[in-house]
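These notes concern the structure reproduced below.
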Amino acid sequence: MTDVQIVLISPQPKDAYFWLQVRKQKSTQENNPVGNLSEKKLREQIFESNRDLNFKQSVHRFYIQTSEKEFAGVISLRDINWESGVCELGYLIAEKFQNKGIATQAVRVLMKKSFEAGIKKIKATTYVHNVASYKVLEKNGFVLEGTLKNEILIKGKIQDLYSWAAFSDVKKDL
Ligand SMILES: CC(C)(COP(=O)(O)OP(=O)(O)OC[C@H]1O[C@@H](n2cnc3c(N)ncnc32)[C@H](O)[C@@H]1OP(=O)(O)O)[C@@H](O)C(=O)NCCC(=O)NCCS
């Protein structure tokens, strides 16, 4: 595994093309089919969600950028309830950057920022056969909360998802 250094940046609407590409790539379709949205719709979504985490909005999206200033992936917090402190994590890594430790690093960075901003519980779901994705979560201290039966259509079949969570009050070296 190479040690690619990353930062999380707030994308601009004009950067939507990259997000469209990672949504469409084969590994995303096979593990986390996210539906079809036009580039225009993605631009609008970026516009609504590209502010600093201290803005108490319901979605925050970041691009994962390498030290070479290349976009390597997208990571987001959705359905954020700032009163309860509960939200949902999602991430997609571009295929040429997969298996280099990038998702693991990006989740660690976003968890730290989120807990500092007042988030108490971060939830995530993974397709039960998406080993890479749940390793990312396990390595960041997420625990398995349960299995959601018949939750997602993958490869034409209704499949189960694992439901994971990380808590701000569980001490871990983030
Ligand atoms: C799943 C995904 C986010 C992982 O990102 P990544 O940056 O490649 O992950 P990392 O490099 O941090 O690796 C995480 C772990 O998974 C392992 N891994 C990577 N690919 C794997 C594979 N195909 N099978 C099994 N393990 C794999 C890595 O070896 C690493 O474990 P290790 O540290 O014990 O060696 C990325 O592959 C992806 O975006 N896939 C498509 C969309 C998707 O599945 N998103 C997540 C939806 S929940």
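Which of the following residues is under 20 Å from Asn140 (Cβ atoms), assigned to a strand (DSSP E or B), modelled with pLDDT of 95 or more and away from the ligand (no atom under 16 Å from the Cβ): Ile80, Ile119, Ile64? Quick ask: steps written out before the conclusion?
Numbers: Ile119 fails: assigned to a strand (DSSP E or B); Ile64 fails: away from the ligand (no atom under 16 Å from the Cβ).
Only one candidate qualifies: Ile80.
Do we have any residue at all in the range 87-97 that's more than 13 Å from the ligand (Cβ to nearest atom), crowded, with 16+ Cβ neighbours inside 10 Å and modelled with pLDDT of 95 or more?
At the first step, the residues of the range 87-97 found to be more than 13 Å from the ligand (Cβ to nearest atom) are 87.
Okay, now just the ones that are also crowded, with 16+ Cβ neighbours inside 10 Å, so 87.
From the residues that got through so far, the ones that are modelled with pLDDT of 95 or more too are 87.
Yes, some residue in the range 87-97 is more than 13 Å from the ligand (Cβ to nearest atom), crowded, with 16+ Cβ neighbours inside 10 Å and modelled with pLDDT of 95 or more.
Of the conditions (1) of a type in the set (Gly, Ala, Ser); (2) over 23 Å from Asp169 (Cβ atoms); (3) within 14 Å of the ligand (Cβ to nearest atom), Ser38 fails just one. Which one is it?
(3)
If you scan the range 122-145, which residues turn out to be outside any strand (DSSP E or B), out of contact with any Lys or Arg (no Cβ under 9 Å at 6 or more places or on another chain), crowded, with 18+ Cβ neighbours inside 10 Å and not hydrophobic (A, V, I, L, M, F, W, C)?
Asn130, Ser133, Tyr134
Could you list, ordered by first residue, the pairs with Cβ atoms under 6 Å in which the first is in the range 110-134 and in contact (Cβ under 8 Å) with a residue 24 or more places away in the chain and the second is part of a helix (DSSP H, G or I) and within 16 Å of the ligand (Cβ to nearest atom), at least 6 apart or interchain?
Ala124/Leu137; Thr126/Ser133; Thr126/Tyr134; Tyr127/Asn31; Asn130/Asn31
The values are calculated or read from the model by the stated rules, or taken from the named source; none is laboratory data. Here the structure is a predicted model, which is why all the values come from computation and not from measurement. A quick note on method: Cβ atoms are made from the backbone with ideal geometry, for glycine too, and the neighbour counts reach across all protein chains shown.
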